[in-house]
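Student: First the structure, which I've put down as structure tokens, then a few questions once you've had a look.
The values are calculated or read from the model by the stated rules, or taken from the named source; none is laboratory data. None of these values were measured; they are calculated from a predicted model. Cβ placement follows ideal geometry from the backbone for every residue including glycine, while neighbour counts extend to all protein chains displayed. Ligands, DNA and RNA are stripped out before the accessible areas are found, and what is left, the full protein with its side chains, is counted by its heavy atoms. Shrake-Rupley method; radii C 1.70, N 1.55, O 1.52, S 1.80 Å.
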Amino acid sequence: MNGADVAIIGVGLHPFGRFKDMTAIDMGAVAIRRALADAGVEWRDIQFAFAGSYEVDNPDAVVALMGLTGIPFTDVYNGCATAASALTLAANTVRLGEHDLGIAVGMDKHLPGAFSADPRLYACPSWYGEQGQFTTTKFFGMKINKYMQNHGISRSTLAKVAAKNYRNGARNPSAFRRKPLSEEEILGSPILNYPLTQYMFCSPDEGAAAVVLCKAENAHRYTGTPIYLRASTVRTRRLGAFEVHSPWLPMEETPGPTVDASRAAYEAAGIGPEDVDVIQLQDTDAGAEVIHLAENGFCADGDQEKLVADGALEIDGPLPVNTDGGLIANGEPIGASGLRQVHEVVLQLRGRAGERQVPGDPRVGYTQLYGAPGTAGVSIVSR
Amino acid sequence: MAAHLLDRRGRLWAWTTQNYPPPSPPYAGSIGKDFVPFGIGYVELGGEVRVETRLTESDPESLSTGMEMELTVVPLRTDETGDEIVTFAFRPVA
């Protein structure tokens with residue numbers, strides 16, 4: 001034991017991609033059934049649930065497919081950190097001693113194309129959207145463009161990161177994009193927001209993921225290989241952070257919410273970045289993975305150029321990142337994305353990740369989400 | 001609250017280009033074959049604030065961080081009565 005009070009005893013995934021005959025709720029039920037089977041428990045054993053979704057107002061309606069057992073079932077939406085919030089709330093419910101066994105599930109089914117909304121719902125003025133500034137992709141373009149100038153990162157490094165994620169996705173039967181793409185194809189695809197090209201970005205898609213949690217001391221009743229949730233944190237932006245959907249910024253700069261969530265998670269877990277064996281980072285685009293590597297403490301700003309050239313982020317490298325292909329190969333069903341990351345690190349720590357297994361008996365996993373309107377979530381798990 | 005006039009000129013702090021038509025709505029500019037790519041960036045005004053703005057240039061070769069920029073207006077679209085709708089943007093100081 002390691003002082004952790006919450007254990008993950010089951011994970012389940014509905015593949016990510018496009019499924020025209022499935023609703024988000026259908027996919028959520030598949031993920032739940034797989035997580036229950038993995039944990040060796042029945043739906044009637046589950047004492048509480050949290051569900052995350054962007055497109056579905058009431059993802060708790062999945063009970064219609066699972067069974068009407070009367071449990072407390074709370075729906076969560078928190079931007080791109082929705083799944084991290086569902087996981088954090090589920091873990092805290094166990095931690096508080098209110099219930100011993102519960103589930104966090106995320107599901108979504110997005111239309112193709114860039115995310116959009118009424119800017120006023122994000123506390124932005126209408127003109128911001130009318131004149132074409134209310135897109136998330138242009139923020140990622142600006143952030144990596146500035147980062148590359150400040151820290152000597154090349155466009156070839158961005159292409160190498162995307163190519164790695166497509167290559168990892170090709171080894172993952174549940175991934176959306178399973179065709180490897182060369183650096184040349186990635187750099188040669190149309191520029192969407194300079195310096196980012198089409199194949200450097202992830203796409204909204206469909207999918208679901210679920211995680212069964214229990215009180216750590218009960219974990220061995222269910223499984224021989226419990227994975228302990230050492231920390232799960234969510235943070236939002238502070239004034240001065242360079243964030244998506246900011247019509248203006250003050251002159252004084254502050255680190256972003258990923259940095260805050262990451263530091264809080266390391267402190268809660270009593271684990272440092274040097275202890276982590278397998279990493280999942282929010283790669284909305286290849287540049288985001290590069291920046292997040294430093295924001296989560298895995299390297300200094302600028303080190304990424306050499307790390308990527310040396311293959312450090314590959315499955316068999318010292319810092320394996322996005323071993324299942326990340327968002328670039330899996331797409332982003334917002335409600336499910338962070339639970340997919342947890343699903344992947346749990347498989348890796350159990351040594352059951354198949355063709356994409358990280359060698360060397362990994363013991364500690366790390367996941368990070370980031371997105372609009374400036375929200376980040378981090379979790380740390382260990383054997 | 002009181003009105004406070006900002007400089008019309010400043011330095012480019014961060015930038016990218018918008019090469020595809022943003023989802024419409026909310027985008028009110030021309031889309032489809034009439035879409036014209038534009039730049040987007042933050043311009044630092046008088047050491048007081050950074051404002052996000054459209055840029056007149058969308059060629060990465062014509063933009064660089066730290067360059068001097070000034071306020072201008074650019075056409076956004078033509079409305080149903082044929083009137084031209086304009087909006088603010090920043091352009092490099094020649």
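Conditions tested, residue by residue: (1) surrounded by 20 or more Cβ atoms within 10 Å (Cβ to Cβ); (2) over 27 Å from A:G169 (Cβ atoms).
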| site | (1), (2) |
| --- | --- |
| A:F19 | no, no |
| A:M27 | yes, no |
| A:A64 | no, yes |
| A:L68 | no, yes |
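Student: Could you check region A:184-241 and list, in sequence order, the residues that are among the β-branched types (V, I, T) and part of a strand (DSSP E or B)?
Tutor: Of everything in region A:184-241, those that are among the β-branched types (V, I, T) and part of a strand (DSSP E or B) turn out to be A:I191, A:T197, A:V211, A:V212, A:I227, A:T233, A:V234, A:T236.
Student: What's the total number of residues in region A:259-282 that are in a loop (DSSP other than H, G, I, E, B), surrounded by 22 or more Cβ atoms within 10 Å (Cβ to Cβ) and of a type in the set (A, V, I, L, M)?
Tutor: Residues of region A:259-282 that are in a loop (DSSP other than H, G, I, E, B), as a first pass: A:270-272, A:276-277, A:281-282.
Applying the additional criterion that residues be surrounded by 22 or more Cβ atoms within 10 Å (Cβ to Cβ) yields A:276, A:281-282.
Restricting the remaining residues to those that are of a type in the set (A, V, I, L, M) gives A:276, A:281.
Counting residues in region A:259-282 that are in a loop (DSSP other than H, G, I, E, B), surrounded by 22 or more Cβ atoms within 10 Å (Cβ to Cβ) and of a type in the set (A, V, I, L, M) gives 2.
Student: Which ones in region A:97-117 are at pLDDT below 95 and over 29 Å from A:D21 (Cα atoms)?
Tutor: Listed by number, the residues that qualify are A:G97, A:E98.
Student: Could you grab me the full set of residues in region A:36-62 that are free of Cβ contacts under 8 Å to residues at least 12 places away in the same chain and open to solvent by less than 20 Å² (accessible area, probe 1.4 Å)?
Tutor: Initially, region A:36-62 is screened for residues free of Cβ contacts under 8 Å to residues at least 12 places away in the same chain, giving A:42.
Matches in region A:36-62: none.
Student: Also, I was wondering about something else. Would you confirm, using the coordinates I've provided, whether A:N92 is within 20 Å of A:V342 (Cβ to Cβ), exposed (fewer than 15 other Cβ atoms within 10 Å of the Cβ) and more than 14 Å from chain B (Cβ to nearest Cβ)?
Tutor: yes
Student: Another question, then. Do we have any residue at all in region A:284-291 that's over 29 Å from A:V105 (Cβ atoms) and either within 14 Å of another protein chain (Cβ to nearest Cβ) or surrounded by fewer than 16 Cβ atoms within 10 Å (Cβ to Cβ) (or both)?
Tutor: Yes; the residues of region A:284-291 include at least one that is over 29 Å from A:V105 (Cβ atoms) and either within 14 Å of another protein chain (Cβ to nearest Cβ) or surrounded by fewer than 16 Cβ atoms within 10 Å (Cβ to Cβ) (or both).
Student: A follow-up question, please. Report yes if A:G302 is part of a loop (DSSP other than H, G, I, E, B) and either at pLDDT below 95 or touching a Gly at 6+ places or on another chain (Cβ under 6 Å) (or both), otherwise no.
Tutor: In short, yes.
Student: On to the next question. I need the full set of residues from region A:185-196 which are farther than 24 Å from A:R356 by Cα and either in contact (Cβ under 8 Å) with a residue 12 or more places away in the chain or away from chain B (no Cβ under 11 Å) (or both), in order please.
Tutor: A:L187, A:G188, A:S189, A:L192, A:N193, A:Y194, A:P195, A:L196
Student: Under the condition of being more than 7 Å from chain B (Cβ to nearest Cβ) and closer than 10 Å to B:P26 by Cβ, which residue from region A:127-138 is farthest from the chain's Cα centre (by Cα)?
Tutor: We begin by selecting, within region A:127-138, every residue more than 7 Å from chain B (Cβ to nearest Cβ); these are A:127-128, A:136-137.
Keeping just the survivors that are closer than 10 Å to B:P26 by Cβ gives A:127-128.
Values: A:W127: 31, A:Y128: 28 Å.
Per the criteria, the residue is A:W127.
Student: Does region A:215-226 contain any residue that is modelled with pLDDT of 95 or more, within 27 Å of A:L347 (Cβ to Cβ), under 17 Å from the mean Cα position of the chain (by Cα) and open to solvent by less than 10 Å² (accessible area, probe 1.4 Å)?
Tutor: No: region A:215-226 contains no residue that is modelled with pLDDT of 95 or more, within 27 Å of A:L347 (Cβ to Cβ), under 17 Å from the mean Cα position of the chain (by Cα) and open to solvent by less than 10 Å² (accessible area, probe 1.4 Å).
Student: Going through A:L249, A:L192, A:L239 one at a time, which residue ends up being more than 17 Å from the chain's Cα centre (by Cα) and surrounded by fewer than 19 Cβ atoms within 10 Å (Cβ to Cβ)?
Tutor: Selected residue: A:L239, the only one of A:L249, A:L192, A:L239 that is more than 17 Å from the chain's Cα centre (by Cα) and surrounded by fewer than 19 Cβ atoms within 10 Å (Cβ to Cβ).
Student: Exactly one condition in (1) of a type in the set (D, E, K, R); (2) open to solvent by less than 20 Å² (accessible area, probe 1.4 Å); (3) free of Cβ contacts under 8 Å to residues at least 40 places away in the same chain is false for A:K306; which is it?
Tutor: A:K306 satisfies every listed condition except (2).
Student: Would a scan of region A:81-93 turn up a residue that is assigned to a strand (DSSP E or B) and closer than 19 Å to A:E332 by Cβ?
Tutor: Taking every residue of region A:81-93 in turn, none turns out to be assigned to a strand (DSSP E or B) and closer than 19 Å to A:E332 by Cβ.
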